[in-house]
Amino acid sequence: MINFGTVGTGWITESFIKAAELSGQLQLTSVYSRTEDKAKQLADTYNAPYFYTDIEEMAKSSEIQAVYIASPNSVHFEQTLTFLKNKKHVICEKPIFSTSAELHTAYQTAEENGVYLFEAIRNIHTPNFKILKDNLQRAGKLRSTILPYIQYSSRYDLFLQGEEPNIFSAQYSGGALVDLGVYPLYLAVGLFGAPKQVNYHPVVLRSGVDGSGTLVLTYDDFICTILCSKISHSELPCEIHGEGGTFFLEDAAPISTITFVDNRGKERETISVTQEEENMVYECENIAKIIETKNDQEYLRLKNWSEIVLQITEEARKQNKILFAAEK
């Protein structure tokens, strides 16, 4: 059992705590918030014996071996380094960092301190992702892929009223691509590897970040198109088109259902399995297993995917002069 703490008190943190408990491999012992009332409330809700308002104090605690960080994007790097330097494993919510330079520094720090660093991204750990990857050859030679993740954000209403929520702020490393686009992007990188070319066509908001956009990834023989938005809504499925057949995915995350349609016979086959409702449980299980068994091969695979994804989002933003405060 790995004792862990949390940084952040939003809904995603509570989802991770529930998934960690379900996994049976992670035990919550500590929570952090800048506000004492919030820290105590979260600790009481999930029976954590310790709560902190001083992150340095928490990082030094012997009561945790790992930490899950779900704070605003722009502070991920600083907080991650604090825990890594205190020899704590870090599971940092996507998007892990603002720049590739931050990523490389953090991984080096993790290595120097003998601990692991993970990006929390749920879809690539699910059973259905493995099923899709194992069956991908059934599509034959790939020719095109469409991966949408288009979900209207209630915080856009606040933005329209003149406010600037973190997710729509360059100061806090926000935007549609790094918030939602990373799900289909991870799907593409996990299935197809690094693309030869990246082109991004965003709708840039007054705050300087993208509210929506179309990301085009060029591979040797096919194009992968990723659609992401936080200012509109769609229920389009994901599709992977090959000369032998097509895969239809209900969603990019958590990949709820997968249907394969043969191009010639037109038979439809559901190849997905039913997954846990608390679908972050699969990343909890996989991360805990890597830590406990010191599975460096699996760790390096995940590290490589994080590096490729961040390189792509960084390149896409720079093409459109979308710069975060961390880059200025």
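The values are calculated or read from the model by the stated rules, or taken from the named source; none is laboratory data. Predicted, not measured: the structure shown is a model, and the values here were computed from it. In this analysis, Cβ positions are derived from the backbone assuming ideal geometry, glycine residues included, and neighbour counts consider all displayed protein chains. Note: areas computed on protein heavy atoms with side chains; ligands, DNA, RNA excluded. Shrake-Rupley method; radii C 1.70, N 1.55, O 1.52, S 1.80 Å.
Before we move on, is ASP134 out of contact with any His (no Cβ under 7 Å at 6 or more places or on another chain), touching a residue at least 60 places away in the same chain (Cβ under 8 Å) and either of a type outside the set (Ser, Thr, Tyr) or buried (at least 24 other Cβ atoms within 10 Å of the Cβ) (or both)? It is false that ASP134 is out of contact with any His (no Cβ under 7 Å at 6 or more places or on another chain), touching a residue at least 60 places away in the same chain (Cβ under 8 Å) and either of a type outside the set (Ser, Thr, Tyr) or buried (at least 24 other Cβ atoms within 10 Å of the Cβ) (or both).
For the residues LYS318, LYS303, the requirement of being at pLDDT 95 or above, within 15 Å of the chain's Cα centre (by Cα), part of a helix (DSSP H, G or I) and within 29 Å of THR225 (Cα to Cα) singles out LYS303. Here ARG301 clears all of (1) open to solvent by 30 Å² or more (accessible area, probe 1.4 Å); (2) of a type outside the set (Val, Ile, Thr); (3) closer than 24 Å to LYS18 by Cα except the condition numbered (3). If we keep just the residues of the stretch 30-54 that are of a type in the set (S, T, N, Q) and within 24 Å of the chain's Cα centre (by Cα), which is modelled with the lowest pLDDT? Taking the candidates together, the pick is SER33.
Among the numbered conditions (1) under 30 Å from GLN161 (Cα atoms); (2) free of Cβ contacts under 8 Å to residues at least 40 places away in the same chain; (3) of a type in the set (D, E, K, R), the only one that GLU250 does not meet is (1).
Just one residue in the set LEU180, LEU205, LEU185 is buried (at least 16 other Cβ atoms within 10 Å of the Cβ) and in contact (Cβ under 8 Å) with a residue 60 or more places away in the chain; that residue is LEU185. One residue stands out among those in the stretch 1-40 that are in a helix (DSSP H, G or I), in contact with a helix residue (DSSP H, G or I) (Cβ under 6 Å, 6 or more places away or on another chain) and small (Gly, Ala, Ser): the one that is farthest from SER71 (Cα to Cα), which is SER23.
Taking the condition exposed (fewer than 13 other Cβ atoms within 10 Å of the Cβ), closer than 27 Å to LEU177 by Cα and out of contact with any His (no Cβ under 6 Å at 6 or more places or on another chain), does LYS321 pass? Criteria met by LYS321.
For the stretch 118-176, a residue qualifies if it is of a type in the set (Lys, Arg) and in contact with a strand residue (DSSP E or B) (Cβ under 8 Å, 6 or more places away or on another chain), and the qualifying residues are ARG138, LYS141, ARG143. Look through the stretch 42-79, keep the residues that are over 17 Å from GLU14 (Cα atoms) and of a type in the set (Gly, Ala, Ser), and return whichever of them is surrounded by the fewest Cβ atoms within 10 Å (Cβ to Cβ). Only one residue tops the list, namely SER62. Between residues in the stretch 48-75 that are within 30 Å of GLU327 (Cβ to Cβ) and in contact (Cβ under 8 Å) with a residue 60 or more places away in the chain and residues that are part of a loop (DSSP other than H, G, I, E, B) and open to solvent by 50 Å² or more (accessible area, probe 1.4 Å), which pairs lie under 7 Å by C-beta distance while being six or more apart or on different chains? Partner pairs satisfying both residue conditions: PRO72/TYR172; ASN73/TYR172; SER74/GLN171; SER74/TYR172. Pairs meeting the criteria (first residue in the stretch 81-101 and farther than 23 Å from ILE124 by Cβ and of a type in the set (Ser, Thr, Tyr), second residue open to solvent by less than 20 Å² (accessible area, probe 1.4 Å) and not in a strand (DSSP E or B), beta carbons under 6 Å, at least 6 apart or on different chains) are THR82/ALA59.
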